[in-house]
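Since the structure comes first, as structure tokens, the remarks are kept for the end.
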Amino acid sequence: MLNGIALQIMILDDHELMAYGIKSRLELLLPNAGFDIVNMGLDVKRLLREKSHDLYIVDIELKDISGFEVIKDIRSKYPKSNILVHTLHEGLWYIKELKELMINGILFKSDCHEYLDKAVINILSGHTFLSDRFKDVINKKNRKGIGYLLHEDFTDNERDVLSLIGKGYTIKSIAEEKSWSVKTVEYYRKRLFDKFDVPNAPRLVAVAVREGFIKMEDI
């Protein structure tokens with residue numbers, strides 16, 4: 001049984017209350033496990049150089065860098081690592097990109113606590129885990145079509161970048177406004193291009209206005 005193994009688990013979430021709640025729950029499930037709680041994505045890069053973990057529980061929307069970038073770093077350093085994504089966002093584009101990264105499980109923060117136990121046990125036992133809520137979202141989106149976009153399909157950061165692009169901000173000025181790196185802005189800008197299926201910023205703004213994601217008076 002897993003509860004007799006000294007496992008090492010990393011929990012990455014920029015909300016400390018959520019991170020420590022996960023830790024408390026898993027301490028009951030895996031009393032011999034050791035935990036590292038990390039609140040910033042950049043701190044994961046440092047920790048990856050120091051040690052490996054049996055399981056990485058990763059939130060996607062972080063304050064400093066994208067959780068997708070963190071997952072890629074983990075996969076690069078430890079290709080066979082177990083990764084469970086625990087996220088608030090249920091958008092189709094998140095799900096598509098996560099599947100491409102070959103993660104071991106997806107759990108929404110709207111799922112009940114019991115799913116966390118099931119996800120961890122399944123993943124550490126060599127299986128994958130998709131919550132029922134995840135399957136419902138996939139089925140719902142598939143019925144509506146891949147081109148069907150909802151406001152919930154965009155993160156707060158993506159909406160901010162979209163709004164600033166609509167106001168005529170350049171990549172550099174967005175980076176200054178948000179206190180981000182240019183690389184981070186380029187990342188969100190590319191994601192917006194992909195989601196709206198457009199090749200450039202003018203076309204992005206035009207489609208976003210047409211679909212109601214940007215108001216004309218805000219441009």
**Message:** 5 Å is the cut-off here: which amide hydrogens, built 1.01 Å from N in the peptide plane, fall below it relative to residue 8, excluding neighbours closer than 5 in sequence?
**Reply:** 34, 54, 55
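Show me the three semi-axes of the equivalent ellipsoid for the stretch 22-135, from the C-alpha gyration tensor (sqrt of 5 times each eigenvalue), largest first, rounded to whole Å.
Values: eigenvalues 74, 66, 36 Å².
With the √(5λ) rule applied to the stretch 22-135, the semi-axes are 19, 18, 13 Å.
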**Fill in**
A chain fully extended from residue 8 to residue 156 at 0.36 nm per residue, minus the present Cα-Cα distance, gains in nm 50.1 nm
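With the full set of protein chains in place, find how many percent of the accessible area of the stretch 37-92 is carbon and sulfur; take the probe as 1.4 Å. Each step should come with its number before you reach the end.
Details: 1160 of 2320 Å².
Answer for the stretch 37-92 is 50 percent, counting heavy atoms of protein chains only.
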**Prompt:** Out of residues 5 or more away from residue 82 or on other chains, whose amide H comes under 5 Å of its own, with H placed 1.01 Å from N in the peptide plane?
**Reply:** 56
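Would you mind checking the pairs 72/135; 63/195; 45/183; 72/172; 63/178 and listing those with alpha carbons more than 18 angstrom apart? Write down the numbers at each step before the final one.
Values: 72/135 24 Å; 63/195 22 Å; 45/183 16 Å; 72/172 25 Å; 63/178 11 Å.
Where the Cα-Cα span goes over 18 Å, the pairs concerned are 72/135; 63/195; 72/172.
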**Item:** Length added when fully stretched, residue 215-residue 77, from 0.36 nm per residue minus Cα-Cα
**Value:** 45.4 nm
**Message:** I'd like the Karplus ³J(HN,Hα) series for the stretch 109-115: coefficients 6.51, -1.76, 1.60, θ = phi - 60°, whole numbers in Hz, and an x wherever there's a Gly or Pro.
**Reply:** 5, 7, 6, 6, 4, 4, 5
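With a ≥ b ≥ c taken as the square roots of the eigenvalues of the C-alpha gyration tensor of the stretch 152-206, please select rounded if a/c is under 1.5 and otherwise prolate if a/b is larger than b/c or oblate if it is not? Show your work: numbers first, answer last.
Numbers: a/c = 1.61, a/b = 1.34, b/c = 1.21.
Judged from the Cα gyration tensor, the stretch 152-206 comes out prolate (a/c at least 1.5, a/b above b/c).
What FRET efficiency comes out for residue 182 versus residue 25 if R0 is 45 angstrom and r is the Cβ-Cβ distance? Round to the nearest 0.05.
On the way: r = 39 Å, r/R0 = 0.86.
Efficiency for this residue pair is about 0.70.
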**Request:** Would you mind calculating the gained length between residue 102 and residue 128 on full extension (0.36 nm times residue separation, minus the Cα-Cα distance), in nm to one decimal?
**Result:** 8.4 nm
**Complete:** Output ordering of 48-55, 156-163 (per-residue mean of other Cβ within 10 Å, highest first) is 156-163, 48-55
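The values are calculated or read from the model by the stated rules, or taken from the named source; none is laboratory data. Since the model is a prediction, treat every value here as computed from it, not as a measurement. All Cβ positions, glycine included, derive from the backbone under ideal geometry; neighbour counts span all protein chains shown. Accessible surface areas use protein heavy atoms only, side chains included; no ligands, DNA or RNA. Shrake-Rupley method; radii C 1.70, N 1.55, O 1.52, S 1.80 Å.
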